[in-house]
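Worksheet: one structure, shown below.
The values are calculated or read from the model by the stated rules, or taken from the named source; none is laboratory data. It should be emphasised that the depicted structure is a prediction, and the values quoted were computed from it without experimental measurement. We place every Cβ from the backbone using ideal geometry, glycine too, and count neighbours over all the protein chains shown. Surface accessibility is based on the protein's heavy atoms, side chains included, excluding ligands, DNA and RNA. Shrake-Rupley method; radii C 1.70, N 1.55, O 1.52, S 1.80 Å.
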Amino acid sequence: MRYAVVIEKSENGYGAYVPDLPGCIALGETVSETEKLIKEAIEFHLEGLREEGGPIPEALSLAEYVEV
């Protein structure tokens, strides 16, 4: 499964979230660390959903850069 991830810069580092997995977030000091942590967060989130017998959300969100 491939989910879109949004990474945003903050005053203290970076935050990431997954639009298709509400509540799935990660915080890191660098982009690289944040990417690693959000991947782990997605795996953990999906594992929890499977254990609870809940549905696994489809990856529906898309990300694209628009040049202006």
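Of note:
- Region 46-68, residues that are of a type outside the set (A, V, I, L, M) and open to solvent by 50 Å² or more (accessible area, probe 1.4 Å): Glu47, Arg50, Glu51, Glu52, Gly53, Pro55, Glu58, Glu64, Tyr65, Glu67
- Scanning region 1-37 for residues that are over 14 Å from Ser61 (Cβ atoms), of a type in the set (Val, Ile, Thr) and open to solvent by less than 20 Å² (accessible area, probe 1.4 Å) yields a single hit, Thr34.
- Options Glu64, Glu43, Glu29: the member that is closer than 19 Å to Ile7 by Cβ and within 13 Å of the chain's Cα centre (by Cα): Glu43
- Region 40-62 residues that are closer than 14 Å to Gly23 by Cα, paired with ones that are of a type in the set (Ser, Thr, Tyr) and open to solvent by less than 40 Å² (accessible area, probe 1.4 Å) (beta carbon under 8 Å, 6 or more apart): Ile42/Tyr3
- Contact map, region 1-15: residues that are touching a residue at least 24 places away in the same chain (Cβ under 8 Å) and of a type in the set (A, V, I, L, M, F, W, C) paired with residues that are assigned to a strand (DSSP E or B) and open to solvent by less than 60 Å² (accessible area, probe 1.4 Å), Cβ distance under 8 Å, separation 6+ or inter-chain. Pairs shown: Val5/Ala16; Val6/Ala16; Ile7/Tyr14; Ile7/Gly15; Ile7/Ala16.
- Residue within region 21-35 that is at positive phi and not in a helix (DSSP H, G or I) present: yes
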